[in-house]
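The values are calculated or read from the model by the stated rules, or taken from the named source; none is laboratory data. The shown structure was predicted, so the numbers you read here are calculated from the model rather than taken from an experiment. Neighbour counts are summed over all protein chains in view; Cβ atoms, including those assigned to glycine, are modelled from backbone coordinates with ideal geometry.
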Amino acid sequence: MTTAEKQLLFLLQKGLPLVPRPFAELGAAVGLTEEQVLAFVRGLFRDGVARRLGAVFDSRYLGYRSALCAAYIPDHTALEAAARAIAPLTGVTHCYERGWPQDLPATHPAAPPPDEQWPNLWFTLAELTDRFEAQVGQIRRALAPAVLRVLPAKTRFKIEVVFDTARFSAHVEKFPDAAVRPELPPPPPLDARQRQIVQRLEGQLEPAADFFAAPASALGLSTASLLEQLRVWQGGGVLRRIAIILRHREVGLRANAMCVWHATSEVVATAGRRLAEQPSVTHCYERIAFDGFPYNLYAMTHARQWPDVLAEFERLSAVGGLTRGRLLCSLREFKKTSMKYFAEST
C-alpha cells in the first residue's frame, strides 16, 4: 500500500465522519479522491481483508449486559461439542480455545500449569439485561458437568480494535479515575424506530458516495435526520463508531493471546492504564478472579507469530510493573462475529 492508503486504512477503522459524504472527507485528509477511497474500500472486501463496514455500538447503552465466560473442558472432542452447543446463540459473538501452543517453550513461567484444570473454552456473552441470567443458566446446563465461570468487567481501560499495517493504533479510552466504575443505571429503552436504526446499521453497509442515503431511505428517514440521531448517540457513548472491521489474520497478525495478571488493588488501576496506552493492546479490563485462577487484569494482544506474542507479553508485564502473569493463546477460533441486537424481537 502507498503511504496515503496506509493512512486511509487507519482512518477507516477509527470511524467514518458523520457527514453526508464521509469518503470524500476521508480522502481529503490523506490526499485521495472520493472515488479512489471507494475503490480502496471495495478492494478490501474483494480481497477478504475487511470483515464488515458498519456501526459499533456500546451494548450497555442499548440495555444489554455482557461478560467474558470461561470453562474447563477436559478433552478435544468434548471441547468441540461444547463449542457447537453455544456457538449458535446470538449473544455469543466470540468463542475460542485458549491455551499454550506447541511453538512456545512449555517450561516458560507464563505457560498454564499442565496439572491444573485451567479454563480452555473462552467466549463472550451479551444479552438484554432482563434475559442475561436465563441465558447463563441455559449455557450452564449445556456445558454441564463443566463449571461455567462468568467474569464481568469491573473496570474497562480500553476497547478499541484498530489495526495499522504493522500493529495497532495507540488510541486509548482513558479513565482518569482510579476507582472502580459503578454499574451503569438501566438506560431508557430505545423506541421501535431507534431499534430499527440499530438493526439497520449493525450489519454490512455498502460503500457509496452518499453513504448514509441508502440506510436512511430504508428506514423512512432523511439523511439529515439519520445523521442527527447518530451524532447524538456518538456524543452520548451509545455509538462508538461506524467503521471498517478487518480480519486480523489477513493483515499478517496470525497470533493473538489473552494476557492475565494478578494485580493487587493498590496497583491495578495504574497498571491497567499503562497497558491501555500500548499500541499492541486492543482490550484491557479488570475482571473478577475465581478459585484456582487469581488473575484479575486482562489484556488482549496480537502479533505475527507466537514468539512475538510471548515477547510482547513480557514487555507488557514490564511496562505495567506486573510479575504474576500468564499467557493464554488463542489456539482455535470457533466463532467470531458481530453482535446482532434485539434479535429476539424480530
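Here are the numbers for this structure:
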{"quantity": "Test set (1) touching a helix residue (DSSP H, G or I) at 6+ places or on another chain (Cβ under 6 Å); (2) farther than 21 Å from ARG60 by Cα; (3) modelled with pLDDT of 70 or more - LYS158 fails condition number", "calculated": "(2)"}
{"quantity": "Counted residues, region 268-317 - those being under 21 Å from HIS94 (Cα atoms) and of a type in the set (D, E, K, R)", "calculated": "3"}
{"quantity": "One residue from ARG324, ARG254, ARG332 being surrounded by fewer than 19 Cβ atoms within 10 Å (Cβ to Cβ), of a type in the set (D, E, K, R), more than 17 Å from LYS158 (Cβ to Cβ) and out of contact with any strand residue (DSSP E or B) (no Cβ under 7 Å at 6 or more places or on another chain)", "calculated": "ARG254"}
{"quantity": "GLY54 in contact with a Gly (Cβ under 9 Å, 6 or more places away or on another chain) and not in a helix (DSSP H, G or I)", "calculated": "yes"}
{"quantity": "Sole residue being farther than 23 Å from ARG65 by Cα, touching a strand residue (DSSP E or B) at 6+ places or on another chain (Cβ under 9 Å) and not β-branched (Val, Ile, Thr), chosen from LEU316, LEU297", "calculated": "LEU316"}
{"quantity": "The lone exception for TRP306 - which of (1) in contact with a strand residue (DSSP E or B) (Cβ under 6 Å, 6 or more places away or on another chain); (2) free of Cβ contacts under 8 Å to residues at least 24 places away in the same chain; (3) of a type outside the set (A, V, I, L, M) it fails", "calculated": "(2)"}
{"quantity": "Breaking point among (1) in a loop (DSSP other than H, G, I, E, B); (2) at pLDDT 90 or above, for LEU44", "calculated": "(1)"}
{"quantity": "Residue list for region 38-52, restricted to those being farther than 30 Å from PRO152 by Cβ and not aromatic (Phe, Trp, Tyr)", "calculated": "LEU38, ALA39, VAL41, ARG42, GLY43, LEU44, ARG46, ASP47, GLY48, VAL49, ALA50"}
{"quantity": "ALA343 vs. criteria of a type in the set (Gly, Ala, Ser), within 30 Å of PRO22 (Cα to Cα) and in contact (Cβ under 8 Å) with a residue 12 or more places away in the chain", "calculated": "yes"}
{"quantity": "Qualifying residue in region 295-304 (condition: under 17 Å from the mean Cα position of the chain (by Cα) and among the aromatic types (Phe, Trp, Tyr))", "calculated": "yes"}
{"quantity": "Selection from region 12-47 of residues that are in contact (Cβ under 8 Å) with a residue 12 or more places away in the chain and over 21 Å from ALA213 (Cβ atoms)", "calculated": "GLN13, LYS14, ALA29, VAL30, GLY31, LEU32, LEU44, ASP47"}
{"quantity": "Selected residue [acidic (Asp, Glu) and in a strand (DSSP E or B)] from GLU97, GLU80, GLU35, GLU25", "calculated": "GLU97"}
